1. Using a simple spin-label model with points 7 Å from Cα along the Cα→Cβ vector, what separation in nm is obtained for B:ALA651 and A:GLU26?
2. Is the shape of the stretch A:109-339 best called rounded, prolate or oblate, per the rule: a/c under 1.5 gives rounded, else a/b larger than b/c gives prolate, else oblate, with a ≥ b ≥ c the square roots of the Cα gyration tensor eigenvalues?
3. Which entries of B:LYS712/B:LYS808; B:LYS2/B:LYS106; A:LYS230/A:LYS321; B:LYS675/B:LYS716; B:LYS292/B:LYS392; B:LYS515/B:LYS716 show an alpha-carbon separation above 28 angstrom in the structure shown?
4. Give or take rounding to whole Å, what are the principal axis extents of the alpha carbon atoms in the protein assembly as shown, in descending order?
5. List the lysines whose Cα lies under 18 Å from the Cα of A:LYS55, skipping any in the same chain that are fewer than 8 positions away.
6. Apply 1/(1 + (r/R0)^6) to the Cβ-Cβ distance of B:MET287 and B:ASP438, taking R0 = 45 Å, and write down the FRET efficiency to the nearest 0.05.
7. Between helix B:572-585 and chain B, what is the angle of the helix's C-alpha long axis to the longest principal axis, kept within 0 to 90° and rounded to the nearest 10?
8. Where a Cα-Cα gap under 19 Å defines reach, which lysines qualify for B:LYS225, not counting those fewer than 8 residues away within the same chain?
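Please treat every number below as a calculation from the coordinates, not as lab data. Note that this is a predicted model, so its numbers are computed, not measured. Every residue, glycine among them, receives a Cβ derived from its backbone with ideal geometry; neighbour counts consider all protein chains shown.
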Amino acid sequence: MVAEDLEMSLAASLAAMASLDAAGLEDVRLQWLGKAGILTGRLKALGAMTPEARKAEGAALNDCKERLNQALSARRAALDEEALAARLERERIDVTAPARPEPVGAIHPISRTLEEITAIFGAMGFTVKEGPDIEDDWHAFGALNIPGHHPARAMMDTFYLNASLGNRPALLRPHTSSVQVRTMLTQAPPIRIIVPGRTYRSDHDATHSPMFHQTEGLVIGRDITLGHLKGCLIDFLRMFFGNPALPVRFRASYFPFTEPSMEVDIGWNRKTGEIGKGGDWLEILGSGMVHPNVLANCGIDPREFQGFAFGVGIERITMLKHGIADLRLFYESDVRWLRHYGAAPLSPAMLHEGV
Amino acid sequence: MKFTLSWLKTWLETGASLGQITETLSAIGLEVEAVTDRGAALAAFVIAEVVEALPHPNADRLRACTVNAGGGHVSVVCGAPNARAGMRAVFAPPGAYIPGSGITLKTGEIRGVKSEGMLVSFRELGLGDEHDGIIELPNDAPIGTAYAAWAGLDDPVIEVSVTPNRGDALSVRGIARDLAAAGLGTLRGFAPPPITGEGAASVVWDNQFEAACPWVLGRSISGVKNGPSPEWLKTRLESVGLRPINALADITNFFTLDLGRPLHVFDASKITGNLLYLRAGQGESFMGLHGKPVTVGAEDCVIADAAGVQSLAGIMGGEATGTDDETTEVFIECALFDRVRIAQTGQRLGIFSDARQRFERGIDSQLLPAALDAATAMIMEVCGGRPSLVTKAGARPDWRRMARLRFDRIASFGGAEMSADDAVASLEMLGFTVQARDAQSVRVAVPSWRNDIAQPPALDQADVPNAAIAAAGAAEIEPEVDLLEEILRLRGLDAITPVSLPVEAAVASPAMTPKQARNGLARRVLAARGMLECVTFSFLDHNVSGLFGDAPESLRLANPIAADLDQMRPTPLATLALAAARNAARGLGDFGLFEVGPAYTGAAAQALVAAGLRVGGTALSAITAPRRYDVWDAKADALAVLAALGMPLEAVTTSLDAGAYYHPGQSGVLRQGPKTVLAAFGTLHPKLCARLDLPGGSVAFEIFLDAVAAPKRRGKAPLVLSPLQPIRRDFAFLVDKSVAAESLLRAARGAARQVISEVVLFDRYEGAGVPEGQVSLAIAVTLQPMEKSFSDAEIEGFSAKIVADVAKKTGGVLRG
């Protein structure tokens, strides 16, 4: 039989544990289970007992040991909990404060629009061509059926440089159509290209900038008709403005390098600026069937090949799409404007994500 | 080109509404720019009689009038000196808006006398400058009726923009013809009765410049009485914004607009001698009818008499021989001038006129005799007089242009469906005459007013093998396309069914080459690093250009739009720096700007550069102390782009020869091998910052995208992942301060290339404990065992090799 005194002092130790810290618990453990511990001593004494007595005493002592150990680990766990809770409280941070600042960059709206245009025309089988900003007057005018005395050449207020290129005056291209010429000279039809780039005209006011951007388009083949011109541009405009029902109108006009030539209007509301709504029309791009003289100037026989060309003003369609009012701020590089109208860096225009 | 609806209807018999007319004009290529209906703005104004005009009891200059505007007598206080009893005037009732003064009338009291309306002047109606008094109307003007309707002002004015190819549409009759052909009515004929005249003209042509003037007619009319034009003519000119001058001048202006046929009338009594010469200018000057002196040169065609130049042919008449109210003898000039010469003279002298505009776009070369007769008839009708016989020089030019249309081209070129009959009918309405027709095609003669159709070939061909065949093709196709354009525009381009472009494959090939696609990637990398993309001008002040290297004359603009935009930029960094300075001047600090755009080094040398610039430093924060941007930011920006473009960074070395606009001690050039310059980076030179008002310490980079080779499209080397832990060993070397850290890192890396996976510089120290002129560089070397762990002896061996190689290549000594 376990002595009642043992039971009593164990009960006292267990009861006292609730207020002990880790060191106190160790003392209790040593008091009972250390080399000179109470239970250690009693367990050693078992060897001298009769088998029956040893069995009964052993079971009782093991039960005491078990209870003691359980109480010790329960108390230790409770202490750990408290310690952790205290630490967590110490580590509290005011997370309502701003995070570590990271500067936010942006893609210029012109670049964004060029990406969108490339994505849409790319899906229609166009490839992107580029050419120099500084051109000679043959690539910019002569090849495009604009002779020197032509009133249309005066219309374009071209910048000239104090230089020449192969005996011809060097100028800043007033349109990217010069790359049409370069492409037709180097690539046999069929041709399907867009030419985004910088263009220059001597004009500076609220709606004109001496430098601006244009995307020229050129499609040459054996069976390309005016119906394709219309289909291609309607497909583009409806995708670009995200409106499958966008009204598009074609009006006869004149450009020296196309015949017939046409201006393209889209439906909008003059008062609210909403695209595709309201009964007003807004001129948005110029287009036409490539003039036979232009084809012939580039060595293409117009009896065999025909096609269409168009020119889109990048700033204009960007302003319309995003409701940007002032053209001049496109080039001002005011960081507030760039942050406001710029596009997110990591979302390039992709048709499957929607332009 | 401006005209009124009623003027149009003198040539076009139509029941179409104004809306239909303007819509059709825009659709067929005569874009309507404005429609103004002055009648609508003047609806409130009525004709009234001044019954009584008594002196105002309390004001010397005012009159107290009683006015009958058809609805009983009202009291009106009027300040006009010409207000008097019995006159007919224009009355504005209360509530009327006065366009000239911008006010809306109210009943009021002026110095004690009631005023229930206003008697108005032309200026108050917005009809002119006349404000000496109120409008005086003839005594038969009907009291109580609307003034605008009575004065013919309720006639809408239509303004169309005529494209440069359509000289024929710079006339009311030409516009009417187009509308008729578009199905909006019937064109009235033009067949003035021939006038023979009697006796020789008082002046005879002597044409010495036939290249400029192939054909000229003239006729004198004696005994004319000049003076104000009749009301209908004055109204017609005023309605399109022309100021009536006198009957003779007004008649020539009328024909310019009505038929697109500029004429000039000389006062024959002011002509010296009896010869009018058509000749080249000789550097002399004369006073033009526009009130400015004109100096003519050898390329300009003039009309001169024995006394000198009297007119710039086809562009501007001269004051000395102009008509006035005393004119009794006139000589009418009706000429055909060369389009190109007129355009060149006009451009050279900077003179714009209605005559020039028509001659340079091409007039009807066959209309001269009929137009001269029509003008003669009108002068005789308005001014009286006896016409002479016609004097002429040169000959009627041969006009025989033909064009052929194959009917299947309407579909195979125009994408349109139209019957051959409809196509031919459209052409006939425009004045084309059928010469031959079969089931497949029609051959038509081109009307003489359509200079833009079937023009003589004007190619400017490249030197290509196919040139002759292509030229023959153009000669054959061009006139046909001219005809196709006519029938397609008249029928309405909207009627053509849009067809999506057929695609060669359901999945399109990439639109960009890999090299083009990289530019977008460079943009996204820089923007993702917190920088803002800019688009700045390609040109700038040549003085600023010089700060960034060079400002060669070959990149100077001959006609800059502004003095500070006269030089093509040598690098986008130059215009970015100006942009950064503008932002800084607005008090906006702490930002990064970049641009991917062209740099110009010669008229035929353009490179694509990604340039960036950081100003200020990192943002304020309670968490991290803000720091200034420094050269390391610029270097990291440049390397990040190069890495994204596929450049293996271990192949990139840094040299110390960046441009002079960088800080000489805080800048570098990134190279691949000894020759290829990939990028430059650094702190901007303090002098540059001071000059451009850029905050000091701004850092920048330029990446020369064209120099970055396109990555080869090949599979990556197979990756072997070692299961064994890497080992790190640290070394500190004392080296001479001039030793480049890059060379030390390279030496360590190369000491045991197979096992060293990484070498990192983690400390750079000079000062106490380090000898003067030396620096301590501490590196961490990572050794990666692949098959079995390294033994201590092996590790010792690698370490010894590293120390030895660093010593050999840099003179560095392991720090004790």
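1. 6.3
2. Verdict is oblate for the stretch A:109-339.
3. Violating the 28 Å Cα-Cα cut-off are B:LYS712/B:LYS808; B:LYS2/B:LYS106; B:LYS292/B:LYS392.
4. That works out to 166, 85, 70 Å along the principal axes.
5. In chain and number order, the partners are A:LYS44, A:LYS65.
6. Efficiency, from the Cβ-Cβ distance: 0.15.
7. 80
8. B:LYS234, B:LYS270
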